[in-house]
Amino acid sequence: MKNSSTATTGKTMTAFLLFTAIMLSLWAEVAAAAPAGSPWGANYFPNITLTNQDGKKLRFYDDLIKDKVVAINFMYATCHDSCPLETAKLRQVQDVLGDRVGKDIFMYSITITPEADTPETLKDYMEKYKVKPGWQFLTGNKDDILLLRTKLGLYDGEETEKSQGHTMSMIVGNESTGQWIKRSSFDNPKVLARVIGEVLFNYKTRVGQNNNYADVSQVIKLDPGEDLFFRRCLSCHTVGAGDALGPDLLNVVANRDRTWLHNWLKNPDQMLAAKDPIATALFEKFKGVIMPNLRLTDGEVETLLGYIDTESRRIEKMRLASLESMTQQTGQDEHAQHSEHQQQGGHDMHEHHH
Ligand code: HEC
């Protein structure tokens, strides 16, 4: 209980911080103007002691995140539903980022059942998933870890967790610039890698500032649809990670009339001006933010719709697989109740910006 008031403040701050982060970091050109120092320094992040897979003690702030670009997720070794998916996803992210992981990017998986996950258990788990160097698995004190999750905005309270089923989320950030972005474990690995490896580095080489990060110029290759979405839409939308500045686009292609969607992507301003009922309702719901006319060609619109559709199907398939394994597991695994509400990030951001 002693943490509860801090915890609430923490959550609010995180929500704000995420909103700021999205605004600052995902508008690529604006990113050059990101703040020099982080408002969320040593006294925001709890400097708890964690123990890694080799038994080494590390302080969360001092040793793990200070001045670093990091990806942090929470998991537990005995989890059979979404954790394996998430770990496998992060393995792909690690592959895409290559040997930058451990050099200028650090990955951390922290157990939420520290009483069961000893360093040895975590080490076995890493071997099972062929985790490479630069990505550490950590255990510690249960209350400390709960506080950390709360501060990072990745804990919604036990009741919410129980009712939401088991989906996980993660946070990626650059401690020195104060950019923190919540991402879903269902993210496309290449997109996630690009958010970590490029967005969080403020595209340093591209805006021609001090060329400390030469590797950033190795642009991670995306498919045309992914790339368009990344450059034009990701600042306001997710596919499957919850509402952000604009609505979550999961299944939007299946659920909306294709012509309507095509017209909307081409001319959102005109449709709003013409008082199209769907557009007006959405606009009211996302008040304060207008979907801009991005001057997309017909070809680009179709590429984007194709991408959103494929991505939605991929995510639905993963969710289903995760749900199935969870149902099979019910009753066998008391840890099944340790769940996360994956959409939390997006909703928080939205709630706190008006
Ligand atoms: C500046 C933020 C912003 C950007 C950038 C943006 N959108 Fe939107 N989008 C919104 C908002 C906000 C809405 C809700 C309607 C409104 O308020 O205008 C919306 C609505 C939509 C909808 C309708 C959702 C539904 O439920 O029917 C689709 C589809 C969509 N956007 C796709 C895209 C795509 C694809 C891109 C990239 C090419 C994009 N948007 C770029 C903010 C944005």
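When Glu302, Glu115, Glu198 are sorted by how many other C-beta atoms sit within 10 angstrom of their C-beta, beginning with the fewest, the order is Glu115, Glu302, Glu198.
In terms of other Cβ atoms within 10 Å, Tyr307, Tyr108 run from fewest to most in the order Tyr108, Tyr307. Listed cross-link partners Lys89/Lys151; Lys190/Lys275; Lys287/Lys317; Lys89/Lys285 are compared with a 29 Å cut-off, the Cα-Cα value being larger for Lys190/Lys275; Lys287/Lys317; Lys89/Lys285. With 21 Å as the limit on Cα-Cα distance, the pairs of Lys57/Lys142; Lys68/Lys128; Lys68/Lys132 that go past it are Lys68/Lys128. Taking the range 263-284 and a reference point 7 angstrom along Cα→Cβ of Asn293, the backbone N atoms nearer than 13 Å belong to 264-274. Each of Val252, Val172 was scored by other Cβ atoms within 10 Å of its Cβ. Arranged with the fewest first, they read Val252, Val172.
FYI, it's all coordinate maths here, none of it is from the lab. Small disclaimer: the values here were computed from a predicted structure and weren't measured. Every residue, glycine as well, gets a Cβ built from its backbone with ideal geometry; the counts of neighbours run over all protein chains shown.
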